[in-house]
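Presented below is the structure to which this report refers.
Throughout, read-outs are computed from the coordinates displayed, never taken from laboratory work. Note that this is a predicted model, so its numbers are computed, not measured. Methodologically, a virtual Cβ is constructed for each residue, glycine included, from the backbone with ideal geometry; neighbour enumeration extends over all protein chains shown.
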Amino acid sequence: MWLPSLLTAGVVLLALPALVLGVRGLFRHRGYSAAEPADRASVVTIVALRGLLLLLLLLVSAVVLVSTIGAMVVGVDLHGMVHVLFVLDLLLASSVLLTFGRRERRPARRPATPAAR
């Protein structure tokens, strides 16, 4: 009976924060300018694919959470497909976290010279 709670904890601790960070980074596009006509199609494609990935992550996370919580409440065994969807959920969450879910790096400060000028 500990396996559904482990799957639930994995979704809550990894997939849901990845979803939040991914929504925050959805419209950030480093290196592309939406004002330039040549980059506009690229920006639209990037934002659309990111939105599709986040929607898929939301749906798979919801299915895994509903299945695991339902199995814990009723007291039945999980279907084998729930494990496959959990792995898919972890893969989607890691791809979001490693691509556009990261926080912006601040520019490095230049070290001050110790000598007075």
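Which residues in the range 5-29 have a backbone N closer than 15 Å to a point placed 7 Å from the Cα of SER42 along the Cα-to-Cβ line? Label zone hits: 28-29. Angle of helix 37-74 to the longest C-alpha principal axis of the chain, folded into 0 to 90 degrees and rounded to 10: 30°. Note on ILE69 and ARG24: with the Förster distance fixed at 41 Å, the Cβ-Cβ geometry gives a FRET efficiency of about 0.95. Just from its helices, what would the mean residue ellipticity at 222 nm be for the chain, if runs of 4 or more DSSP H residues each count -39500 (n - 2.57) and the sum is divided by every residue, rounded to the nearest 500 deg cm²/dmol? One gets -22000 deg cm²/dmol as the mean residue ellipticity at 222 nm.
Apply the a/c threshold of 1.5 to the C-alpha gyration tensor of the chain and tell me whether it is rounded, prolate or oblate. Oblate shape, in that a/c is at least 1.5 and b/c is the bigger or equal ratio. Within the listed set VAL73, VAL44, VAL23, the residue fluctuating most in the Gaussian network model of the chain (springs between alpha-carbon atoms under 10 angstrom) is VAL73.
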